[in-house]
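Scroll down for the structure; my scribbles are underneath it.
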Amino acid sequence: MSISATRQPEPMAVDVKFDASAMHVRLLDGREVGIPLAWFPKLQHATPAQRKRWRLIGKGVGIHWDVIDEDLSVSALLGR
């Protein structure tokens, strides 16, 4: 008898917001993840206007900021 692992779907972002010290990423499944800006120097040093200029890549598997040349993987944010 064999046991096969069930592959979990890739986590996908649907929205990104910031407060003074953290980035908050809302996921397609309803979860919201808060991550300290200190973990991402480019985002920490960016202006609020620059942080707001994000776009989803790969239908939400990543987040990209053209103006500061930063890309983040949603899976990496979740420690996968």
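The values are calculated or read from the model by the stated rules, or taken from the named source; none is laboratory data. Remember, predicted model here, so these are calculated numbers, not experimental data. All Cβ positions, even for glycine, are placed from backbone atoms using ideal geometry, and neighbour counts span all protein chains on display. Remember, those area values only see protein heavy atoms, side chains included, never the ligands or the DNA or RNA. Shrake-Rupley method; radii C 1.70, N 1.55, O 1.52, S 1.80 Å.
Could you report the chain's accessible area per residue, 1.4 Å probe, as an integer in Å²?
Values: 5540 Å² over 80 residues.
That works out to 69 Å² for each residue.
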| query | What spacing in nm lies between the two simple spin-label points modelled at D15 and K52, each 7 Å away from Cα in the Cβ direction? | reply | 1.5 nm
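Which FRET efficiency, nearest 0.05, do H64 and T6 yield, Cβ-Cβ r, R0 25 Å?
Working: r = 30 Å, r/R0 = 1.20.
In this case the efficiency is close to 0.25.
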| query | How big is the charge dipole of the chain about its Cα centre, in debye rounded to the nearest 20, if each Lys and Arg gets +1 on its Cβ and each Asp and Glu gets -1 on its Cβ? | reply | 100 debye
| task | Run the quick spin-label model on S75 and D29: label points 7 Å from Cα toward the beta carbon, then report their separation in nm to one decimal. | result | 1.4 nm
| query | Counting only protein heavy atoms and using a 1.4 Å probe, what share of the accessible area of the chain belongs to carbon plus sulfur, as a whole percent? | reply | 54 percent
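Given an 8 Å cut-off on Cα distances and at least 6 residues of separation, report the relative contact order of the chain as a percent.
24 percent
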| Backbone HN-Hα couplings from phi across the range 27-44 [Karplus 6.51/-1.76/1.60, Hz, Gly and Pro as x] | 9, 4, 7, x, 6, 10, 10, x, 10, x, 4, 4, 6, 10, x, 4, 6, 4
| When the helix-only estimate is applied to the chain (DSSP H runs of n ≥ 4, each -39,500 (n - 2.57), divided by the residue count), what is the mean residue ellipticity at 222 nm, nearest 500 deg cm²/dmol? | -2500 deg cm²/dmol
| query | What aspartates and glutamates sit close enough to K17 to cross-link, taking a C-alpha to C-alpha distance under 14 Å and skipping anything fewer than 8 places away on the same chain? | reply | E32
| query | Given H placed 1.01 Å from N in the peptide plane, which residues other than close sequence neighbours of V67 have an amide H under 5 Å from its amide H? | reply | none
